[in-house]
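> The structure's right below; bear with me while I get my questions together.
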Amino acid sequence: MDSTTAQRNRRNIAIFGRFALVGASGVLVNLLVLVVAKKLGPDAQLVFLDMPLTRFNVRWYHVFSTLAFVVAVVWNFQLNRVWAFGSTGKASWWSEFRPFFAVGLLGQVVGLGLLTLLMHPGSPLALPTDLLDDSSGLRTRLYWGQLLVISAVTPLSFVLHKLWTFSAVRTHRLEDADKP
């Protein structure tokens with residue numbers, strides 16, 4: 001392995017480490033917003049919107065998850081931009097936020113599908129209601145479902161952000177790698 005490749009690998013590991021720490025804080029923000037929305041909103045299983053001419057519904061847990069996503073995506077973007085990818089000053093906030101949001105939205109759409117599979121009682125992937133009976137915070141299916149969804153979409157999110165969203169990473173500028 002030549003020194004340029006080794007340098008790039010060290011840089012990518014450092015970026016991923018910072019991305020992971022930002023992501024961990026984003027998970028906390030996401031779950032906090034979800035908990036507050038669930039506590040203040042209607043029953044998460046109630047229908048929010050009946051999809052006309054289909055047998056599908058948008059339920060309140062989809063709305064709560066999407067609200068949590070929007071708050072967490074802004075949080076994560078700002079921290080990733082400043083710290084993980086160090087791209088502040090290389091492009092305008094909006095020019096980087098648009099692809100960041102697009103990547104997040106793709107993850108959210110995939111995540112809502114997975115969350116539906118985890119929450120729908122007729123799904124083969126449904127979380128067990130005997131263990132997760134919603135009797136306490138740690139036994140709330142929606143919280144565990146959201147956590148599983150976040151875990152599932154994070155690897156895709158990292159790769160797309162690394163390759164597309166942030167200009168310092170996109171252009172592979174090694175001199176930007178050591179900036180905090």
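> Please find, within region 36-58, the residue that is most open to solvent (accessible area, probe 1.4 Å) out of those that are touching a Leu at 6+ places or on another chain (Cβ under 7 Å) and closer than 16 Å to THR140 by Cα.
In this case the residue turns out to be LYS38.
> Turning to a different aspect of this structure: So if I check each of VAL110, VAL82, VAL74, VAL70, which one is assigned to a helix (DSSP H, G or I), hydrophobic (A, V, I, L, M, F, W, C), in contact with a strand residue (DSSP E or B) (Cβ under 9 Å, 6 or more places away or on another chain) and open to solvent by 40 Å² or more (accessible area, probe 1.4 Å)? Explain how you work it out, then say what you get.
Details: VAL110 fails: in contact with a strand residue (DSSP E or B) (Cβ under 9 Å, 6 or more places away or on another chain); VAL74 fails: in contact with a strand residue (DSSP E or B) (Cβ under 9 Å, 6 or more places away or on another chain); VAL70 fails: in contact with a strand residue (DSSP E or B) (Cβ under 9 Å, 6 or more places away or on another chain).
One residue alone meets the criteria, VAL82.
> With the structure loaded, tell me whether PHE101 is without any contact (Cβ under 8 Å) to a residue 40 or more places away in the chain, open to solvent by 30 Å² or more (accessible area, probe 1.4 Å) and not in a loop (DSSP other than H, G, I, E, B) or whether it fails that test. Full working, then the answer.
Numbers: without any contact (Cβ under 8 Å) to a residue 40 or more places away in the chain: yes; open to solvent by 30 Å² or more (accessible area, probe 1.4 Å): yes; not in a loop (DSSP other than H, G, I, E, B): yes.
So PHE101 passes the test.
Conditions (1) assigned to a helix (DSSP H, G or I); (2) among the charged types (D, E, K, R); (3) under 22 Å from the mean Cα position of the chain (by Cα); (4) loosely packed, with under 15 Cβ neighbours inside 10 Å, marked per residue:
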position: ALA6; (1), (2), (3), (4): yes, no, no, yes
position: ILE13; (1), (2), (3), (4): yes, no, yes, yes
position: PHE16; (1), (2), (3), (4): yes, no, yes, yes
position: LEU21; (1), (2), (3), (4): yes, no, yes, yes
position: ALA24; (1), (2), (3), (4): yes, no, yes, yes
position: LEU34; (1), (2), (3), (4): yes, no, yes, no
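> Which of the numbered conditions does LEU31 fail, given that it passes all the others? Conditions: (1) in contact (Cβ under 8 Å) with a residue 40 or more places away in the chain; (2) more than 24 Å from THR154 (Cα to Cα); (3) in contact with a Phe, Trp or Tyr (Cβ under 7 Å, 6 or more places away or on another chain).
Among (1) in contact (Cβ under 8 Å) with a residue 40 or more places away in the chain; (2) more than 24 Å from THR154 (Cα to Cα); (3) in contact with a Phe, Trp or Tyr (Cβ under 7 Å, 6 or more places away or on another chain), the lone unmet condition for LEU31 is (2).
> Mind listing whichever residues of region 118-146 are assigned to a helix (DSSP H, G or I) and surrounded by fewer than 15 Cβ atoms within 10 Å (Cβ to Cβ)? Reasoning before the result, please.
In the first step, residues of region 118-146 are kept if they are assigned to a helix (DSSP H, G or I); the result is 118-119, 137-139, 141-146.
Across region 118-146, the qualifying residues are GLY137, LEU138, ARG139.
> Moving to a separate point now. Only one of (1) farther than 25 Å from LEU114 by Cα; (2) out of contact with any helix residue (DSSP H, G or I) (no Cβ under 7 Å at 6 or more places or on another chain) is not met by TRP83, so which one is it?
That leaves (2) as the condition not met.
The values are calculated or read from the model by the stated rules, or taken from the named source; none is laboratory data. Keep in mind the model is a prediction, meaning the values are calculated, not measured. Because the Cβ atoms are built from the backbone with ideal geometry, glycine has one as well, and the counts that use them run over all protein chains shown. Keep in mind that these areas ignore ligands, DNA and RNA; they rest on the heavy atoms of the full protein, side chains included. Shrake-Rupley method; radii C 1.70, N 1.55, O 1.52, S 1.80 Å.
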